[in-house]
Amino acid sequence: MPVWFPRCGRVAPDGIVVTVQPESPDGPAREQVAEAGIDQTVVPAMPGGDRDPTSQNPPTRGPADEEGGGGEVLTFPDLPRMELDQLLGQLVTRAQEVMATQGRLRGLLHANQMIIGDLALPALLRRIVEAARELVGVRYAALGIIAPGGHLAEFIHVGMPAGAAEAIGHLPQGNGLLGALIADPEPIRLRCIADDPRSSGFPPGHPPMRSFLGVPIRVRDEVLGNLYLSECTHGEFSAEDEELAKALAATAGVAIDNARLYEIARARQEWLQASAAIIRRLLSVDAADSPGAEDSVGSLQLIAERTREIARADLVTVVLPDGDGHIDGGLRVEVAVGVGAEDLLGVAVPVDGSLPGRVFTTGEPLRVDTPSEHPGLGAAASAGLDIGPVLVLPLLGPQRAHGVLSAARLSGRPGFTAEDLDMAAGFANQASIALELAQARAEQQRAVMLDERDRIAADLHDHVIQRLFAAGLSLQSVAKRLGAGPDTDRILGAIGDLDDTISQIRTTIFGLHQLPQATPVGVRARLLEVIAAVAPALGFTPAVRFAGLVEDTLPTDVVDDVLAVLREALTNIARHARALSAEVDLTAGADRLTLEVRDDGVGIAPGARRSGLGNLRRRAEHHGGTLALSPREPTGTRLSWSIPNN
């Protein structure tokens with residue numbers, strides 16, 4: 001049977017040397033040699049041990065053959081030796097390729113381990129970009145997160161020179177090749193970016209880039225973003241580079257999805273904790289002890305602060321109806337927290353033509369990437385702020401919205417997601433319910449307090465005052481019997497003290513009927529409000545007495561002047577008198593109205609400025625009245641402001 005040999009000399013079993021022929025027939029042995037990946041030809045051994053006379057490479061015999069030695073010694077001619085070197089070179093090249101492929105696979109495994117090692121989304125995105133740059137071997141790498149509107153919401157890049165990003169300005173928005181990959185999420189591999197018609201060029205200050213590779217990052221059927229690579233360090237991007245980038249993008253998609261789910265779970269927990277904190281605050285014992293407007297504003301302040309913290313917003317506002325709580329009076333910014341908050345407090349917000357007004361009337365939460373998405377509807381923000389994404393949430397009650405909670409980020413920051421809107425709306429609903437419960441409990445406690453005040457006022461009027469009147473009448477009858485004398489004078493002085501006490505009790509009874517935090521109505525209530533406002537500066541609360549009909553009988557301009565005179569007089573006492581007590585009497589007689597203010601201070605020093613007293617005198621003269629200022633025994637000052645009572 002013929003024996004086929006590769007292209008080299010070899011000694012057959014019978015000692016005959018055979019060599020490879022340039023041409024040889026096909027056969028099984030040749031197929032085996034071909035399967036080995038070697039381009040060879042073979043020649044059969046001739047019958048009788050002779051070699052083929054057509055061989056072009058005769059074997060060379062050694063010295064043993066010349067001396068008639070036994071076996072033949074084979075030496076290789078130059079051509080087969082060169083072909084053997086080529087064979088070995090091919091084997092080495094293939095081995096290097098296998099080792100390189102194995103190294104890149106290890107690099108892919110290492111990159112996957114880098115990616116899945118963190119659940120914090122910002123850190124994860126940067127790790128993905130760094131892993132892609134190292135794995136594929138590029139100078140520049142970036143990752144773009146696609147917003148719901150189709151533009152790039154986030155753009156994370158590595159490899160840019162220091163200061164280059166600041167020189168370029170705003171980050172890419174998704175135009176040119178970046179936009180092409182967004183519109184058609186299929187890999188793009190280019191030798192030269194400038195040669196592609198979809199390229200829109202680079203902005204000033206951007207470093208030059210030639211080669212480009214872009215692959216989408218998918219999770220199931222959703223495209224989360226794109227991976228962009230440029231300036232390959234080993235020349236052009238190959239098909240193997242593209243496959244590696246696609247494999248890394250697949251792992252990155254799963255990792256990003258897991259990180260987002262983790263972020264949503266963490267944010268939901270934070271919203272729930274914030275809701276619990278708000279409810280504890282509003283329903284706590286301390287809040288129940290101070291059910292006024294200041295505590296309500298403090299609760300709204302807490303709601304705004306927690307919203308800004310959890311939503312990672314730059315500005316949060318709480319807008320409430322102005323006036324009596326109905327929308328007819330418009331809206332007003334009650335609470336503002338964050339950038340430009342000091343310029344927004346108390347600012348009126350129109351119902352028509354504003355995002356808070358629309359949410360207040362519809363009761364539906366709203367999420368926008370920029371206020372320009374709704375032309376004609378502005379956000380409640382300072383004119384100097386460049387507002388971007390906004391959440392607008394109603395504070396819903398049983399029948400209507402009580403207010404609007406808005407959270408805004410500055411332009412350029414990532415937009416709010418649908419999950420953000422859902423969780424923030426749930427928090428706003430919980431906070432609104434807590435506010436209603438707190439208000440209901442405050443109303444109940446206020447009703448109990450008013451009932452108790454009515455009972456005390458009735459007891460003072462029906463028992464204390466009547467007994468004082470009876471005591472005064474008894475003393476008057478005793479004084480008449482005694483006639484003139486020192487004892488009678490003392491009794492009459494006691495009767496005067498009883499009258500003063502009765503007047504003070506009546507003032508106290510009137511104060512008990514006033515609703516806490518209510519807008520003062522009437523002359524008495526407004527005078528008491530002025531006294532309460534000046535009391536902290538005085539260090540004490542002056543005693544107040546009313547005599548005569550002062551309600552519904554005095555003109556408005558007279559009441560305004562009386563209040564101004566009282567405020568000026570008490571302020572002068574607080575600044576200059578160093579008094580320990582003061583008394584205020586307002587007497588409405590048949591023909592004159594008199595306001596008298598007395599203190600036990602040091603009095604008015606000679607030569608002191610009296611510009612304030614000049615204002616009081618002009619107010620009295622405007623109504624045809626007078627101002628009198630005199631010392632009081634043993635110390636102090638007596639001020640009497642009197643005008644005709646028409």
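General remarks:
- Per-residue SASA entry for Val215, accessible area with 1.4 Å probe, Å² rounded to 10: 0
- Separation in nanometres of the label points that stand 7 Å from Cα toward Cβ, at Asp386 and Ala440: 4.7
- Computed extension gain for Gln269 through Val602, at 0.36 nm per residue and net of the alpha carbon distance, reaches 113.5 nm.
- Placing R0 at 30 angstrom, the Cβ-Cβ distance between Asn646 and Leu473 gives a FRET efficiency of 0.30 after rounding to 0.05.
- Spin-label pair Ala250-Ala276: with each label point 7 Å from Cα along the Cα-Cβ axis, the two points sit 4.2 nm from one another.
- FRET efficiency for the Arg592 to Thr488 pair, using the beta carbon distance and R₀ = 22 Å, is estimated at 0.15.
- Extension reserve of the Tyr262-His206 stretch, reckoned as 0.36 nm per residue once the Cα distance is removed: 16.6 nm
- Stretch gain in nm, segment Ala564-Glu342, where the contour uses 0.36 nm per residue and the Cα spacing is subtracted: 76.8 nm
- Distant-in-sequence amide contacts of Gly225, defined by a placed amide H-H separation under 5 Å and a gap of 5 or more residues or a different chain, comprise Ile146, Ile217.
- The range 486-503 residues near the modelled Lys480 label - backbone nitrogen below 20 Å, point 7 Å along Cα→Cβ: 486-499
- Protection proxy ranking, peptides 405-411, 205-211, average beta carbon neighbours within 10 Å, highest first: 405-411, 205-211
- Calculated FRET efficiency, Asn429 to His170, Cβ-Cβ distance, R0 = 45 Å: about 0.75 to the nearest 0.05.
- Ranked packing of 218-224, 173-179, most packed first, by mean Cβ within 10 Å: 173-179, 218-224
- Label-point separation, Cys192 to Thr370 (7 Å along Cα→Cβ), nm: 3.5
- Judged by the mean number of other Cβ atoms found within 10 Å, the most tightly packed of the peptides 393-399, 594-600 leads the ranking 594-600, 393-399.
- Within the range 235-249, backbone nitrogen closer than 19 Å to the virtual label 7 Å beyond the Cα of Ile116 toward Cβ: 244-249
- In the range 551-646, the portion of solvent-accessible area held by carbon and sulfur atoms comes to 48 percent [1.4 Å probe, whole percent, DNA, RNA and ligands not counted].
The values are calculated or read from the model by the stated rules, or taken from the named source; none is laboratory data. The shown structure was predicted, so the numbers you read here are calculated from the model rather than taken from an experiment. Note that we place each Cβ from the backbone using ideal geometry, even for glycine, and neighbour counts take in every protein chain shown. Just the protein is used for accessible areas: all its heavy atoms, side chains included, with ligands, DNA and RNA removed. Shrake-Rupley method; radii C 1.70, N 1.55, O 1.52, S 1.80 Å.
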